[in-house]
Amino acid sequence: MSAAIVAAARSAIGARFRLHGRDPAYGLDCVGLVAVALRAEGATAIMPDGYALRSGDADAVAAMIVAAGLVAATQAKPGDVLLCRAGPGQLHLAIDGGAGSEHPAGSIIHADAQLRRVVERPGPPPWPVIGRWRLAKTEE
């Protein structure tokens with residue numbers, strides 16, 4: 001269920017930002033946050049590492065996302081993995097937090113390099129969303 005993905009992402013809120021970080025205790029980047037969240041649904045894919053903070057090859061990132069076992073989604077659903085264009089040459093992953101009583105307009109959960117921690121940001125993503133995926137078993 002995608003609720004487990006959102007709950008796992010929310011449990012990482014406050015973890016410090018660390019490039020290539022994969023453990024909330026030591027720090028996470030956006031890829032690490034997605035890995036933590038997807039593990040809550042049993043995903044075991046190996047996440048990439050060794051990448052630069054700025055890499056604008058959206059097709060290559062999309063291929064890695066699909067190789068990790070996610071399927072493209074057309075309609076928004078909490079727990080979706082979002083690929084955003086955060087700036088020139090900069091791609092960023094986030095988790096769709098969905099709408100609820102705390103965030104009626106929805107939210108995203110992401111590892112914010114500028115704030116140096118994982119945060120939940122109310123409202124829609126502040127960047128263009130160029131792709132949306134979810135685990136195949138949460139597709140129903």
A 1.4 Å probe over the protein heavy atoms gives the stretch 5-135 a carbon and sulfur accessible-area percentage of 56
For the chain, with a Gaussian network of springs between Cα atoms less than 10 Å apart, report the residue from V129, V34, V118 with the top mean-square fluctuation. V129
When the Karplus curve 6.51 cos²θ - 1.76 cosθ + 1.60 is applied with θ = phi - 60°, which whole-Hz ³J(HN,Hα) does each residue of the stretch 30-43 get, with x for Gly and Pro? 5, 5, x, 4, 4, 4, 4, 5, 6, 4, 5, 9, x, 5
The chain: proportion of alpha-carbon pairs further apart than 24 angstrom, %: 19
Counting sequence-distant residues (5 or more places) and residues on other chains, those with an amide H built under 5 Å from that of G98 are G79, S107
Full extension from I130 to A105: what is 0.36 nm times the residue separation minus their Cα-Cα distance, to one decimal in nm? 7.0 nm
For a quick check: with amide H placed at 1.01 Å from N, whose amide H comes under 5 Å from A86's, ignoring anything fewer than 5 positions away on the same chain? L91, H92
Please list, in order along the stretch 106-121, the HN-Hα scalar couplings obtained from phi with the Karplus expression 6.51 cos²θ - 1.76 cosθ + 1.60 (θ = phi - 60°), rounded to whole Hz, x for Gly and Pro. x, 7, 10, 10, 7, 8, 8, 5, 6, 7, 6, 6, 7, 9, 10, 10
Compute the distance in nm between two label points, each set 7 Å from the Cα along the Cα-to-Cβ direction, one at A58 and one at S11. 3.3
One quarter of the convex hull surface, Cα atoms only: what value does that give for the stretch 77-140 in nm²? 4.8
For L28, the residues 5 or more places away or on another chain with a placed amide H closer than 5 Å to its own amide H are R16, F17, R18
Taking loop as defined by DSSP and a crowding limit of 16 other beta carbons within 10 Å, which trypsin sites (Lys or Arg not before Pro) in the stretch 51-129 fit? R54, R116
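The values are calculated or read from the model by the stated rules, or taken from the named source; none is laboratory data. In this text, all values refer to a predicted model and were calculated from it rather than measured experimentally. Every residue, glycine among them, receives a Cβ derived from its backbone with ideal geometry; neighbour counts consider all protein chains shown. The protein model used for the area step is the full one, side chains on, heavy atoms only, and it has no ligands, DNA or RNA in it. Shrake-Rupley method; radii C 1.70, N 1.55, O 1.52, S 1.80 Å.
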